[in-house]
Amino acid sequence: MADMVDMVDMVEMKAVKTASRGIAIAPAYIYREIDLTPDNYPVAEGAALQEEAQFQEVKQAVLAELEQLSQDNPIFAAHMAIADDYTLQEGVIGRIKSGKKNVQQAIFETVEEVAEIFGQMEDEYMRERKADVLDIGKRLLIKCKKISVQDLAAISEPVIIVARDLFPSDTVKMNPEFVKGIITEEGGVTSHVSIMAKNYGIPALTGVSGILSKLEDGNTICMDAGSGDIVIAPKQGVLEGYQKRLQADLKEQEEIKKYRSMEAVTPAGKRISLCINVGNTEEIKLALDKNIDGVGLFRTEFLYMENTHFPTEEEQFAVYKEAASLCPKEVTIRTLDIGGDKSLPYYEFEPEENPFLGWRAIRISLDMPDLFRTQLRAILRASAFGHIRIMFPMMISVEELQKAKEMVEKCKEELRQEGIAFDDGVETGMMMETPASVLLAEEFAKEADFFSIGTNDLTQYILAVDRGNKKIASRYDSFHPAVIKAVASIIEAGHKHNRKVGMCGELAGDVHAVPKLLALGLDEFSMSAGNVDYVRKAIIG
Ligand code: PEP
Ligand code: MG
């Protein structure tokens, strides 16, 4: 690492909760949000030509950029065609000439209008082009406003990313090799940036209010995410102290690896299934050397979020099949859990007062049967290549589960008719993450083949504490007696009906929770890969 020289005074801060443990020392990389609101300057009499010329200039620059991108990804060739389209051109120039709009306003309004036209189209393929139009509009405005955009994918030196917040669409671009740590002002311990950080073993602290006003790009940061300590521009002695802590931490990680070859068997002799939570197959590959029993939660929404369109059956099938082949013992695929804090770049969700209580997860799948069917067919087809289980999120009624299972049966029948192979015995289970599912656990246990407890949502819904709100982060507590009581009653109800009960919420990866969860009889622990070694050691005792 290059020598870090800080021209500012040392600042110490403390985070309330750990998002992902570990120690990091690296220069700060401030990730700034961009504001694409068009500037509101008036166009003077006779200046329209200048605005028009600016449009042509930025359009050419965007076309050149897209041509470059299209060499690696053909989707950008389609973007070029849209950027060069007559409708866009006429809309912008017409607004500049007759509407006395400046170029930024003209682009903004035209793009909104064209995107809306695409959004209303009958044909699904054409409807999906709306996101492409919006993306082109963004590129044009970035150039007009001369904003330099930060590309997280381009980070090629060790850094600690500091941001107001990071969304899944940002984090998917990061190269975990160079991201040594993450600090955000917003977000809680179960926000998706925390989960992603844990998956990659990146130390992370969320909800660190005011840090952005205390540092500049390149300032040295030392962070101990376990204790919540952050030091900006450390004095030499402090820096050396952190370097020692970092070495000790790396040594502990090496020590703990010795447990990897051992089976996760409790002192009482119960074999526990130790699984990982993933959002893509790369994460499975990274964890294969951890002696895992499989994937206890495949969050399929990332497949949808990293796309420019709803992934097709073939696209999804390829991913699920790869997952099944990588983990032949078990891959639990959760159907789409979008909504809440997870949006799609190509689909406009109506704004909601309470997104976490809104249109998300199974509610969307049941309301959009074509979308659901595409996913289920892809999962079923992949089930011929390994041991796949299907899991439904956010259940609140047995009727919902029955409807979801009916859809599975319908898809099976279609595949049978088409002569396509699948595992007819594929299990269908559910996340236990709503208060309703806890209260109806016995009824659900008669219908579901297995349970997996989602303590991230269960905690927020039982305690009425938003999992992403930093102001109440200290109240978000998965060890709260009400949450533990709910966990106990789910396990009891599941076992009464001979169902295996797992947990894939963050509590399953917390070593402090292991003794309690074992005492309650939990059968499977599924967690971010970074926690597997520690939890295995805690299970063995
Ligand atoms: C949960 O709610 O505990 C869970 C595992 O699901 P997610 O974090 O994806 O909402
Ligand atoms: Mg959940």
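Quick notes on this structure:
- Gyration tensor verdict on the chain (Cα atoms; rounded if a/c is under 1.5, prolate if a/b is larger than b/c, oblate otherwise): oblate
- Amide proton proximity set for Ser528, modelled H, under 5 Å, gap of 5+: Asn277
- For the stretch 227-327, a/c is not less than 1.5, where a ≥ b ≥ c are the root eigenvalues of the C-alpha gyration tensor, and a/b does not top b/c. That puts it in the oblate class.
- Solvent-accessible ranking of Glu112, Glu157, largest area first, probe 1.4 Å: Glu157, Glu112
- Cα long-axis angle, helix 103-119 against the chain (0 to 90 degrees, to the nearest 10): 50
- Degrees separating the helix 313-326 axis from the principal Cα axis of the chain, which is the longest one: 40
- Site pair Asp39 and Glu406 shows an inter-label distance of 5.8 nm when each label is modelled 7 Å from Cα along Cα→Cβ.
- Check: the chain dipole with +1 on Lys, Arg Cβ and -1 on Asp, Glu Cβ, in debye: 1880
- Residues whose amide H lies under 5 Å from that of Thr332, counting only those 5 or more places away or on a different chain, are Val295, Gly296, Leu297, Phe298, Arg389; hydrogens are built 1.01 Å from N in the peptide plane.
- All other residues whose Cβ lies under 13 angstrom from that of Leu63 are scored, Lys and Arg at +1 and Asp and Glu at -1, for a net of -2.
- For the stretch 481-497, 3J(HN,Hα) computed residue by residue from phi via the Karplus equation (6.51, -1.76, 1.60; θ = phi - 60°) reads x, 5, 6, 4, 5, 5, 4, 4, 6, 5, 4, 4, 5, x, 5, 4, 10 Hz, glycine and proline entered as x.
- Since only Ala473, His495, Thr459 are under comparison, the one whose Cα sits farthest along the positive direction of the charge dipole of the stretch 456-496, derived from C-beta charges on Lys, Arg, Asp and Glu, is Ala473.
- By the compact-protein rule of thumb, 2.2 N^0.38 Å, the alpha-carbon radius of gyration of the stretch 1-107 corresponds to a ratio of 1.73.
- Near the amide H of Asp229, within less than 5 Å, lie the amide hydrogens of Ala15, Asp224, all on another chain or at least 5 residues away, with H placed in the peptide plane.
- Whichever aspartates and glutamates have a C-alpha closer than 16 Å to that of Lys97, once near sequence neighbours (fewer than 8 apart) are set aside: Glu45, Glu51, Glu52, Glu109
- Taking other residues whose beta carbon is less than 11 angstrom from the beta carbon of Tyr259, and scoring Lys, Arg as +1 and Asp, Glu as -1, yields +3.
- Excluding ligands, DNA and RNA, the accessible surface per residue across the chain is 45 Å² with a 1.4 Å probe.
- Under 24 Å from the Cα of Lys14 - lysines, other chains or at least 8 residues apart: Lys180, Lys198, Lys214, Lys235, Lys244, Lys470, Lys471
- Our coupling estimate for the stretch 340-349, obtained by passing each phi through the Karplus curve with A = 6.51, B = -1.76, C = 1.60 and θ = phi - 60°, is x, 9, 10, 10, 10, x, 10, 9, 8, 8 Hz, Gly and Pro reported as x.
- Rolling a 1.4 angstrom probe over the chain with all protein chains present gives an accessible area of which 52% lies on carbon and sulfur atoms.
- The chain, relative contact order in percent, only Cα pairs under 8 angstrom and at least six apart counted: 16
- Gyration tensor (alpha-carbon) shape descriptor, the stretch 48-145, a/c threshold 1.5: oblate
- Checking every one of the trypsin sites (Lys or Arg not before Pro) in the stretch 8-102 against DSSP loop status and a limit of 15 other Cβ atoms within 10 Å picks out Arg32.
- Across the stretch 429-541, Cα-Cα distances exceeding 23 Å account for 25% of all pairs.
- Label point distance in nm, Arg164-Leu63, each placed 7 Å from Cα along Cα→Cβ: 3.5
- For the chain, the mean residue ellipticity at 222 nm estimated from helices alone is -13500 deg cm²/dmol, where every DSSP H run of n ≥ 4 contributes -39500 (n - 2.57) and the total is divided by all residues, rounded to the nearest 500.
- Over 21 Å between alpha carbons, listed pairs Lys342/Lys405; Lys285/Lys321; Lys251/Lys537: Lys342/Lys405
- Whole-Hz couplings from phi, Karplus 6.51/-1.76/1.60, listed for the stretch 427-437; x for Gly and Pro: 7, 10, x, 8, 6, 9, 9, 10, x, 4, 5
- Helix axis angle, 369-382 relative to the chain longest principal axis, alpha carbon, degrees: 60
- Taking a Cβ cut-off of under 13 Å around Leu380, the surrounding Lys, Arg, Asp and Glu residues balance to a net charge of +1, with basic ones at +1 and acidic ones at -1.
- Restricting the calculation to alpha carbons of the stretch 258-540 gives Rg and Dmax of 18.0, 55 angstrom.
The values are calculated or read from the model by the stated rules, or taken from the named source; none is laboratory data. Since the structure is predicted, the reported quantities are computational estimates derived from the model, not experimental observations. All Cβ positions, glycine included, derive from the backbone under ideal geometry; neighbour counts span all protein chains shown. What goes into the accessible areas is simple: the full protein's heavy atoms, side chains included, and nothing from ligands, DNA or RNA. Shrake-Rupley method; radii C 1.70, N 1.55, O 1.52, S 1.80 Å.
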